[in-house]
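Visitor: The structure follows.
The values are calculated or read from the model by the stated rules, or taken from the named source; none is laboratory data. What you see is a predicted model, and the numbers here were worked out from it, not measured in a lab. All Cβ positions, even for glycine, are placed from backbone atoms using ideal geometry, and neighbour counts span all protein chains on display. Heavy atoms of the whole protein, side chains included, go into the accessibility calculation; ligands, DNA and RNA do not. Shrake-Rupley method; radii C 1.70, N 1.55, O 1.52, S 1.80 Å.
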Amino acid sequence: MKIDMQARHFSLTKALRNHVKRRLGFALCTGTDQIQRIKVHLSDTNGPKGGADKRCKIQLLLPKIPDVVVEDTEANLYVAIDRAANRAGRTLRRRLTRRRDQHRALQLDRLAATG
């Protein structure tokens, strides 16, 4: 699983990188073989002013399925990462389940047509 991380308006520390990798590992435990690449964009929109302005955007690039794109903005960047990773995991599982169900329905239709 290849993860591209970018930070805007602050430096990307080793602790922050490790947190992103660990949270994505937990959240995306199923379906990781389906993910071609993960893009993570972290930003501080207000800079040193403070406030709920730490943003985490996660994009999962998948073959033959539209990308999963999730964003979260919080006052704490770690919370934004946690929430975005959890939402990305839920969305990925939903998309993979739909694809599997559509594939099964298509196979059943083919069997019924030939049978």
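Visitor: For the pair residue 86 and residue 106, how long in nm is the line joining their label points, each one 7 Å along Cα→Cβ?
Guide: With each label point 7 Å from Cα toward Cβ, the separation is 3.4 nm.
Visitor: Percent of accessible area on the chain owned by carbon and sulfur, 1.4 Å probe?
Guide: Values: 3520 of 7280 Å².
C and S atoms contribute 48 percent here.
Visitor: Report the residues of segment 28-45 in range of a label on residue 96: point 7 Å along Cα→C-beta, backbone N strictly under 12 Å from it.
Guide: 28-36
Visitor: When only C-alpha pairs under 8 Å and at least 6 residues apart count, what is the relative contact order of the chain, in percent?
Guide: Answer for the chain is 23 percent.
Visitor: Oh, and also: When DSSP beta bridges are limited to those with both residues in the chain, what percentage is antiparallel, rounded to the nearest 5?
Guide: Working: 15 of 21 bridges.
Once the DSSP bridges in the chain are tallied, antiparallel ones form about 70 percent.
Visitor: Quickly work out the residue 21-to-residue 1 label distance, labels modelled 7 Å from Cα along the C-beta direction, and quote it in nm with one decimal.
Guide: Roughly 1.2 nm, to one decimal.
Visitor: Rounded to the nearest whole Å², what accessible area per residue is found for the chain with the 1.4 Å probe?
Guide: Using a 1.4 Å probe on heavy atoms only, each residue of the chain averages 63 Å².
Visitor: Under Stokes-Einstein, with the Kirkwood radius over Cα pairs standing in for Rh, what whole-number D in µm²/s applies to the chain at 25 °C and 0.890 mPa s?
Guide: D, rounded to a whole number, is 159 µm²/s.
Visitor: To continue, here is another question. I need the peptides 10-21, 85-96, 32-43 ranked by packing, meaning the mean over residues of other C-beta atoms within 10 angstrom, with the highest value on top.
Guide: By packing density, highest mean first, the sequence is 85-96, 32-43, 10-21.
Visitor: Calculated from DSSP H runs of 4 or more alone, at -39500 (n - 2.57) each and per residue, what is the 222 nm mean residue ellipticity of the chain, nearest 500?
Guide: Values: 2 runs with 52 residues, N = 115.
Estimated from H runs of four or more residues: -16000 deg cm²/dmol.
Visitor: Going by average Cβ density within 10 Å per residue, which order do the peptides 97-109, 69-81 take, highest to lowest?
Guide: Listed from highest to lowest mean packing, they are 69-81, 97-109.
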